[in-house]
Amino acid sequence: MKKIISVTILSLFLQFAYCQNNYFKVLSSPLNEGANASIETENGNIIIQTGVTSGNMPPKTEYSQFLLLNPNGDVIGSRKFKLSEDIFYFRKILKLDNGEYCAVGCSYNYAPYWFYSIYNKVIYFTFNSNLDSISYNEIVMEDNPIQWFCIREAIINNNNNIVTLCEDMSYLNIMLLEATLTGDSIRSSRLVPTKGATTFSIMQKSNSSGYLITADGDYNHLNHGYVSHVITIDTNLNFTAIDSLPGECAYFSQLSKFNNDILVGGRAHRSWGGYPPPIPPPDPYHTQEYCIEKLDTNFHVTKQLYLSHVYLNHNYYGDDTISYPAMNQNFDFINTNNIFTCHYREFPASAFPNGHNYFVIAKLNSNLDVTWQYYFGYDAFYRPFHIIATSDGGCFINGSRYDSETQFQELDVFYLKLDSTGVYVSTHDPIIPVHSAIVYPSPGTDRFTLESGVQVFGATFLLYDMLGIKITEEIISSNQQSINTEALESGTYIWKIVKAGKVLDSGKWIKIK
């Protein structure tokens, strides 16, 4: 009997493992496309919302569409969405109790001076798992012009209503709206900061007594600079209190209930050293790194983790690299012991950057210990937008991709599905480069940094010249190690990560004088 039970359990385990899919897809076309929200359906399909905009100034939305993906990542259904407004998009797709879905977004027209928006609306599109339309509704927020109306986030509260966090992006005023699931307005409010506050995320308090909003800027004469703060509002969407957000997750700081705690992920702006600077550098300098932290209900940090580091040029005029959160949702979990995070390295000023970059996916447990961390890309420039945990134990990521060598000012949509191990294998899809470690800066001079995921801890890092002569050998014992290359000649070098005689990863590093 025990043998039969064991075989059954093993069979179920193998079936579950086999059912975990992974894939990488690029929706490539001559159009300028961007990805927004995504959600998993009850049967394991994925719904992703994308938008097509013109390349003119000011840009306008040509149309929005919802795509239905099967477990292999193939598009098996689509629905095009067209409005008369100049700009319209959906920021969040919410799953309703009746099995339907509600996409929450916004729309507006340009005023004669196009940096103003008018006829600002919050829009609600309800549909089923086959993308069949159920209803559409819209709520006009303000008749007078504002600058750059946008939606940051939408949630379903304990009263089964939708609360939407909006913003006047230039005046930096916080705008809130509560509506029914069908898009009928219940109440709204406008919080007017002293000098403006950029908002990022909203969650309902565990006791249902109100909401918490993360923001930076200057509210009620409390100027926190790069340090973010938490604004508390009551159930009527009125201001109640403001507290400094501890830790350093200051920008794009998403927050979520996490058991009895609060989980926050965002970009940390950290200052190192004193003034005046010593000679020689590196002190003082600044870093901007992806950070995730756990807070108790009194906003005290109980655990903090930095998942990607930066290299500084130490010339006191800026960073060489910036680690930036996925722009809409940078972490997600179904099981609190399996947290998935997403961020990307570099944040260029241009919408169509010339360079390439990595985006980084990591899996954490409930104590914020890293299970694995992988680096994807560097064959183009990637801006991940949204990550969701999936029911098979893996995760799904979407965003935009731009390759300046083959494209001219038009973005493609990419999406990536990983299983619970983070390993990506493809036989027929486009191949995206994946690394367990990266070496930077490259080109570099007298030293470089080896940054790696925990899955290669204990492995050996080897550096060779182009003749195959071993230059350096070092055991990987932390996720960031500095390698001295001062004695090396200029040129190209090959690095490998080896464990038990097997090459786990490899790449090139270039030294310049």
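Throughout, read-outs are computed from the coordinates displayed, never taken from laboratory work. Everything quoted here is computed from the prediction, not taken from an experiment. Here the Cβ is made from the backbone with ideal geometry for all residues, glycine too, and neighbour counts use every protein chain on show.
Compactness of segment 436-513 was expressed as the Cα radius of gyration divided by 2.2 N^0.38 Å, which yields 1.01.
Computed as a quarter of the hull surface, the mean projected area of the alpha carbon convex hull for segment 341-413 stands at 5.5 nm². Computing FRET efficiency as 1/(1 + (r/R0)^6) for Ile334 and Arg447, where r is the C-beta to C-beta distance and R0 is 51 Å, gives about 0.80.
Say each of Ile512 and Asn161 gets a label point 7 Å from the Cα, pointing the same way as Cα to Cβ; how far apart are those two points in nm? Label at Ile512, label at Asn161, 5.8 nm between them. Each of Phe352 and Gln147 was given a label point 7 Å from its Cα along the Cα-to-Cβ line. The distance between the two points is 2.6 nm. Between Tyr136 and Asn21, the contour length at 0.36 nm per residue exceeds the alpha carbon distance by 38.1 nm. Rounded to the nearest 0.05, what FRET efficiency is calculated for Tyr63 and Phe408 with R0 set to 25 Å and r the Cβ-Cβ distance? Calculated value: 0.70. Listing Ser366, Ser54 from fewest to most neighbouring C-beta atoms within 10 Å gives Ser54, Ser366. Separation of segment 42-114 and segment 467-487, taken as the distance between their Cα centroids, equals 47 angstrom.
Can you compute the FRET efficiency between Met466 and Val75 using 1/(1 + (r/R0)^6), with r the Cβ-Cβ distance and R0 = 35 Å? Round to the nearest 0.05. Calculated value: 0.20.
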